[in-house]
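Only one structure is covered here, and it is reproduced in the block below.
The values are calculated or read from the model by the stated rules, or taken from the named source; none is laboratory data. None of these values were measured; they are calculated from a predicted model. Because the Cβ atoms are built from the backbone with ideal geometry, glycine has one as well, and the counts that use them run over all protein chains shown. In case anyone asks, the SASA skips ligands and DNA or RNA and just uses the protein heavy atoms, side chains included. Shrake-Rupley method; radii C 1.70, N 1.55, O 1.52, S 1.80 Å.
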Amino acid sequence: MEKKLFKIDKFIREGIEKLKNKEFIEVDDAVFDILIYYQDVIEKQKNDLEQLNRYKERELDAFAIGDAVSDGICIVDKNGIVTAINKGYTEITEINEQDIVGKHIEEAIKQGMFNNAVSMLVIKDKKKVTSLATIGKNNKKVLITGNPIFNRNGEVEQVLTVMRDLTELIKLKDKLEKTEKKNEKYLNELNYYRNKAVDNRNFIGESPNMKEIKELIKYVAKTEATILITGETGSGKEVVAKEIHDKSDRRKEPYIKVNCAAIPESLIESELFGYEKGAFTGALNKEKLGMFEMANGGTILLDEIGEMPLNLQSKLLRVLQEKEIMRLGGTKSIKLDVRVIASTNRDLKELIKQGKFREDLFYRLNVLPIKIPALKDRKEDISILAQTFLDKFNIKYGKNKNFDSLAIQALEYYDWPGNVRELQNVIERLTIIDDEKYITYNQVSNIIGNNKIPSDNVEDNLLLKDALARVEKEIIERALRKYGSTYKAAKVLGVTQPTVFRKAKALGIKLSNEVEKVGT
């Protein structure tokens, strides 16, 4: 029989003392095959042992991680026996490891450790289960989530439950709600005083043409000259008239507004000038003061003067010239001291050509003309006006809304044919339509119409950071154009000059040499 050589490894050498100094031994075929089989078995066992050690190390790492987290972790086997818990579990439940490990989960419930356990439901239903429970020892509210761990046959082998302590979260939630209520109270008070301040400064606008009008008002308010205010419907003619009265020496005296278009032609004369007793057949036996007498010592606003009947225009001209009126049915003139302000959205010169307005009355009214620009011609004021109206309606309807940047952008793109009045109506509607905290671009576009806003300015897939950068760039560019330097722009924007300079550079805004020198 042929002899074969068999290599002696360290395991065989350790077992057979007499072979410890030999590297090879001579054996026959049968013995050789047996020894080779043996060697394969030993090698396999060695590999299995190494893998087992790796699993043990991994398990140790898993428990180390489990002890590091604040959530409680519990492992239950397929029979409902608790096999392990982490430190977080003990801290939350105040249950020691020796009191629960090795026990059936139902026994823990019977002992009052919990009022609810999800492990048995997970084993039964073979799916993840989440439930609220109360810890018996400390009455803590916890959220328990049980996760099934399956074997190769699809059976639940173990259940891993994660317990989260909700007690502090509930306390924090209650504290937050109380804080929010306080903040809401303080905010309402702030809005109240802010609204009062707004009421005291009704004439709002920071655009160049509105600043010119403000300067003009300062001068004309101190005079006694008649003023004609023109502008589109809803542009704020009445607000300007009231501002003139409030800045005049007559501010403590009456301010009377007459809408010439709203009073029937048959009554407008008696409304303006009043009447004596018995002036009308069937009328009550008493006299009536007219609007001019009611405004004596103060200011009268003749709104929509272009709608005044032609036959009454001559009487108004006499009042302006003579500073006196005569009541209907009266026989004597009544001297008056009244500042007259007229306003209209009509083209009075065109009405003169048509024979519908007296030319001499026009020149008598047009001593100091003030033309109010349309809102579309002073878009810089849209955001200021919108915020002012929103503050007002937040208080009126008990809301706490704000605009997002794209909503303001949508408002600024619209042409506002109804001017400030239309803007005010839209903001009121946006305030009351829902209870959301922010007014969005979509809400604005739904009210004023998508066709009024260029769609390429707001992209559906625009990232938030890109949208914010676009709006930020637009605001900084506008401030720099308007105020000419980073220092002035920073002051208006409420930030530091280096911030404006840095952001302008980052956003690719071209700075003039003067501005750039200041920034450096």
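Based on Cα contacts under 8 Å between residues 6+ apart, region 220-347 shows a relative contact order of 34 percent. Considering only protein heavy atoms, what is the solvent-accessible area of residue 130 at a probe of 1.4 Å, reported in Å² to the nearest 10? Spelled out: residue 130, probe radius 1.4 Å, area about 80 Å². Ordered by solvent-accessible area of protein heavy atoms (1.4 Å probe), largest first, the residues 487, 38, 441 come out as 487, 38, 441.
Of the listed residues 266, 207, the order by accessible area with a 1.4 Å probe, largest first, is 266, 207. Which shape class, rounded, prolate or oblate, goes with region 261-369 when its Cα gyration tensor gives a ≥ b ≥ c as root eigenvalues, a/c under 1.5 marks rounded, and past that a/b bigger than b/c marks prolate? The shape class here is prolate.
Shown in residue order for region 300-309 are the 3J(HN,Hα) couplings computed by the Karplus curve 6.51 cos²θ - 1.76 cosθ + 1.60 at θ = phi - 60°: 10, 9, 9, 7, 6, 4, x, 8, 5, x Hz (x for Gly and Pro). Between the amide H of residue 439 and those of 402, 403, 404, distances stay under 5 Å, these residues lying 5 or more places away or on another chain, with hydrogens modeled in the peptide plane.
Per-residue extension of 0.36 nm, minus the Cα-Cα distance of residue 265 and residue 124, leaves a gain of 42.0 nm for this segment. For the modelled label position 7 Å from the Cα of residue 312 along Cα-to-Cβ, which residues of region 347-365 have backbone nitrogen atoms closer than 20 Å? It comes to 347-349, 351-352, 355-365, nothing else.
Using 0.36 nm per residue and subtracting the Cα-Cα separation, the extra length available between residue 276 and residue 90 on full extension is 57.4 nm. Couplings 3J(HN,Hα) of region 329-336, computed from phi: x, x, 10, 9, 7, 10, 6, 10 Hz, in residue order, whole Hz [Karplus 6.51 cos²θ - 1.76 cosθ + 1.60, θ = phi - 60°; x for Gly and Pro]. Scanning residues 5 or more positions from residue 370 or on other chains, those with amide H under 5 Å from its amide H are 228, 229, 230, with H placed 1.01 Å from N in the peptide plane. Could you tell me the relative contact order of region 293-340? Use alpha-carbon pairs under 8 Å, at least six residues apart, and round to a whole percent. Reported relative contact order: 52 percent. Working ranking of peptides 499-510, 86-97, 427-438 by packing, defined as the average number of other Cβ atoms within 10 Å per residue, highest first, is 86-97, 499-510, 427-438.
Once you sort the root eigenvalues of the Cα gyration tensor of region 350-413 as a ≥ b ≥ c, which label holds: rounded (a/c under 1.5), prolate (a/b larger than b/c) or oblate (the other case)? Prolate is the answer for region 350-413, as a/c is 1.5 or above and a/b outweighs b/c.
The heavy atoms of residue 269 present about 40 square angstrom of accessible area, all protein chains included, probe 1.4 Å. In terms of the Cα gyration tensor, with a ≥ b ≥ c the square roots of its eigenvalues, is region 100-149 rounded because a/c is under 1.5, prolate because a/b exceeds b/c, or oblate? Oblate. Under 5 Å from the amide H of residue 83 lie the amide H atoms of 75, 76, 77, 102, each residue being 5 or more positions distant or on a separate chain, with H modelled from the backbone and absent for Pro and chain starts. Applied to region 206-211, the Karplus parametrisation 6.51 cos²θ - 1.76 cosθ + 1.60 on θ = phi - 60° returns per-residue 3J(HN,Hα) values of 10, 5, x, 5, 6, 5 Hz, with x for Gly and Pro. The orientation-averaged shadow of the Cα convex hull for region 371-443, equal to a quarter of the hull surface, comes to 4.6 nm².
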